[in-house]
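Contents: one structure, followed by commentary.
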Amino acid sequence: QVQLVESGGDLVQPGGSLRLSCAASIRLFSIYTMDWYRQAPGKQRELVAAITSDHTTNYADSVKGRFAISRNNAKNTVYLQMSSLKAEDTAVYYCHVRFASTDYWGQGTQVTVSS
């Protein structure tokens, strides 16, 4: 069974930074693409960033240059470093992995950007 546990969400002022973490209990973690999604109130869940097994990264246009996804395969953990945060980044952030043709999600962590 796959479990994903996010942490690091918080209330932060515009222009601030946060680092989210996602600890994954999954065999052979290093071979899977890991993603971060977010869902703001009243909006659809959207892909924020992804990192492949060879550490290739991909970002939504709205976060390029401000967010950075990384992974530590020794710790089975994926990170999302968020900088220059804006009010529109406010959302619940979810970790995701597709394993054995099944999508797995964490419980989410709330990020609120407000003064």
Heavy-atom SASA rank of K64, K43 (probe 1.4 Å, accessible area, largest first)
K43, K64
Candidate residues T90, T57: accessible-area rank, largest first, probe 1.4 Å:
T57, T90
Rounded to whole angstroms and listed largest first, the alpha-carbon spread of the chain along its three principal axes comes to 41, 26, 22
Averaging over all projection directions, find the projected area of the Cα convex hull of the range 61-115 and quote it in nm² with one decimal place.
5.0
Straight-distance crosslink candidates among aspartates and glutamates, where the alpha carbon sits under 13 Å from K43 and sequence neighbours closer than 8 are dropped
E88, D89
Taking W105, W36 and ranking on accessible area (1.4 Å, protein atoms only), highest first, one gets W105, W36
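The values are calculated or read from the model by the stated rules, or taken from the named source; none is laboratory data. Everything numeric here is computed off the predicted structure, so don't read it as measured data. These accessible areas exclude ligands, DNA and RNA; they are computed on the full protein's heavy atoms, side chains included. Shrake-Rupley method; radii C 1.70, N 1.55, O 1.52, S 1.80 Å.
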